[in-house]
Amino acid sequence: ERILSVQVTPLVGEPAGAVVVLHDTTELRRLENLRRDFVANVSHELKTPLSTIKANAETLLLGAVDDKVHRTKFLEGIGAQSERLEALIQDMLTLARIESAQQPFDIASVLVAQAVASCLLDYRPRAEAKEIALTTVEPAGSPNLKVRADRNGLQVILSNLVDNAIKYTPSGGQVRIAWESVAVNDVAMVRIEVADTGNGIPEEKLARVFERFYRIDEARSRELGGTGLGLSIVKHLTQSFGGDVAVTSRPNEGAVFVVTLPGA
Ligand code: ADP
């Protein structure tokens, strides 16, 4: 439903005539709804770990503190939920910072191979713990491919995609990072692909995974330490750098996330 406010301005000195200005308030309303949903989602996301922390503290005070096994269990719960709150606040701050453009990006030529190597350094232990093979495919003949991006921003993009790929791939699977130069409408771009052999994403949900707080399986994402914000951060960052991100997936064949960034 579209709501239009109509403003009629008679043209002075002209014979019979009028200018009709149509103000479309649909977009404003959509933004207002988005804001309201976001606040509701954030409150919900913050409340869940907080209630566990509160309940555990209460149970400890009621006597569980005297029993070593119970004490450890409840304290571990408090620790884990605090970490979740911390991750959530960190992701929300990252999103807010990108959106408000408060902190200007430091756009430079960044070597993709170097950014990928640094990401692998961080994630190799986690992949090994799950027996996931983490491999890279460098572009043949152009090892020094560069993108125009903010160095830290590119790290955040790669980390979020690799983190998800490892999280949503069962033990024994594979995660592959490949990159190559491509021409998009005659403009030199670099395509970075993060592919996994996990459960994949159902086709009807593909378009929604970049939405804030959208998760295919909320309980599973939570259990794995997800905040539901990683992919919206990836989308915002790639678009801020003049690129974009897309995903394809076949059920039980894994997901393929493709980031395209301007070449340098
Ligand atoms: P989360 O913190 O929950 O991982 P994201 O924004 O990073 O949030 O991702 C949103 C949702 O998209 C995830 O909850 C998950 O359901 C789905 N998803 C993301 N990456 C993958 C992947 N590689 N394989 C399967 N599902 C994925």
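Hey, can you tell me all the residues within the stretch 169-207 that are farther than 22 Å from Thr260 by Cβ, crowded, with 17+ Cβ neighbours inside 10 Å and of a type outside the set (Gly, Ala, Ser)?
Those that are farther than 22 Å from Thr260 by Cβ, crowded, with 17+ Cβ neighbours inside 10 Å and of a type outside the set (Gly, Ala, Ser): Thr169, Thr197, Asn199.
Could you please find all residues in the stretch 187-200 being over 19 Å from Ile177 (Cβ atoms) and near the ligand (Cβ under 8 Å from one of its atoms)?
The answer is Asn199, and nothing else.
Any idea which residue in the stretch 201-211 is farthest from Asp163 (Cα to Cα), counting only those that are part of a loop (DSSP other than H, G, I, E, B) and more than 6 Å from the ligand (Cβ to nearest atom)?
Ranking the candidates gives Pro202 first.
Restrict the check to the stretch 247-255 and report whether at least one residue is under 15 Å from the mean Cα position of the chain (by Cα), part of a strand (DSSP E or B) and more than 14 Å from Asn164 (Cα to Cα).
no
Could you list, in sequence order, all residues of the stretch 212-228 that are exposed (fewer than 13 other Cβ atoms within 10 Å of the Cβ), near the ligand (Cβ under 8 Å from one of its atoms) and farther than 14 Å from Leu88 by Cβ?
Selection gives Asp217 alone.
Would it be correct to say that Thr136 is closer than 14 Å to Asp196 by Cα, outside any helix (DSSP H, G or I), away from the ligand (no atom under 15 Å from the Cβ) and touching a strand residue (DSSP E or B) at 6+ places or on another chain (Cβ under 7 Å)?
When the stated conditions are applied, Thr136 passes them.
Looking at Leu11, is it at pLDDT below 70 and either touching a Leu at 6+ places or on another chain (Cβ under 7 Å) or of a type in the set (D, E, K, R) (or both)?
The answer is no for Leu11.
Among residues belonging to the stretch 246-259 that are buried (at least 21 other Cβ atoms within 10 Å of the Cβ) and in contact (Cβ under 8 Å) with a residue 60 or more places away in the chain, point out the one that is farthest from Gln174 (Cα to Cα).
My answer is Val259.
Which of the residues spanning the stretch 79-115 are under 27 Å from Pro49 (Cβ atoms), open to solvent by less than 70 Å² (accessible area, probe 1.4 Å) and free of Cβ contacts under 8 Å to residues at least 40 places away in the same chain?
Gly79, Ala80, Gln81, Ser82, Leu85, Ala96, Ser100
Tell me the residue from Val110, Val116 that is away from the ligand (no atom under 16 Å from the Cβ), modelled with pLDDT of 95 or more and closer than 20 Å to Leu231 by Cα, please.
Step by step, each of Val110, Val116 is checked, and only Val116 is away from the ligand (no atom under 16 Å from the Cβ), modelled with pLDDT of 95 or more and closer than 20 Å to Leu231 by Cα.
Since Ser159 meets every condition but one in (1) open to solvent by 30 Å² or more (accessible area, probe 1.4 Å); (2) of a type in the set (Ser, Thr, Tyr); (3) more than 8 Å from the ligand (Cβ to nearest atom), which condition does it not meet?
Just one mismatch for Ser159, condition (1).
Given the conditions (1) touching a helix residue (DSSP H, G or I) at 6+ places or on another chain (Cβ under 6 Å); (2) farther than 17 Å from Val256 by Cβ; (3) within 11 Å of the ligand (Cβ to nearest atom); (4) open to solvent by less than 40 Å² (accessible area, probe 1.4 Å), and given that Gly153 satisfies all but one, which numbered condition is not satisfied?
(3)
What do you reckon, is Arg126 in a helix (DSSP H, G or I), modelled with pLDDT of 90 or more, surrounded by 11 or more Cβ atoms within 10 Å (Cβ to Cβ) and among the basic types (Lys, Arg)?
Here the answer is yes, as Arg126 does meet what is asked.
For the stretch 229-243, name all the residues that are hydrophobic (A, V, I, L, M, F, W, C) and within 8 Å of the ligand (Cβ to nearest atom).
Leu229, Leu231, Ile233, Val234
Give just the number: which of (1) in a helix (DSSP H, G or I); (2) farther than 23 Å from Ala40 by Cα; (3) open to solvent by 10 Å² or more (accessible area, probe 1.4 Å); (4) in contact (Cβ under 8 Å) with a residue 60 or more places away in the chain does Gly242 not satisfy?
So the condition that Gly242 fails would be (1).
The values are calculated or read from the model by the stated rules, or taken from the named source; none is laboratory data. Since the structure is predicted, the reported quantities are computational estimates derived from the model, not experimental observations. Neighbour counts are summed over all protein chains in view; Cβ atoms, including those assigned to glycine, are modelled from backbone coordinates with ideal geometry. These area figures cover heavy atoms from the full protein model, side chains too; ligands, DNA and RNA do not enter into them. Shrake-Rupley method; radii C 1.70, N 1.55, O 1.52, S 1.80 Å.
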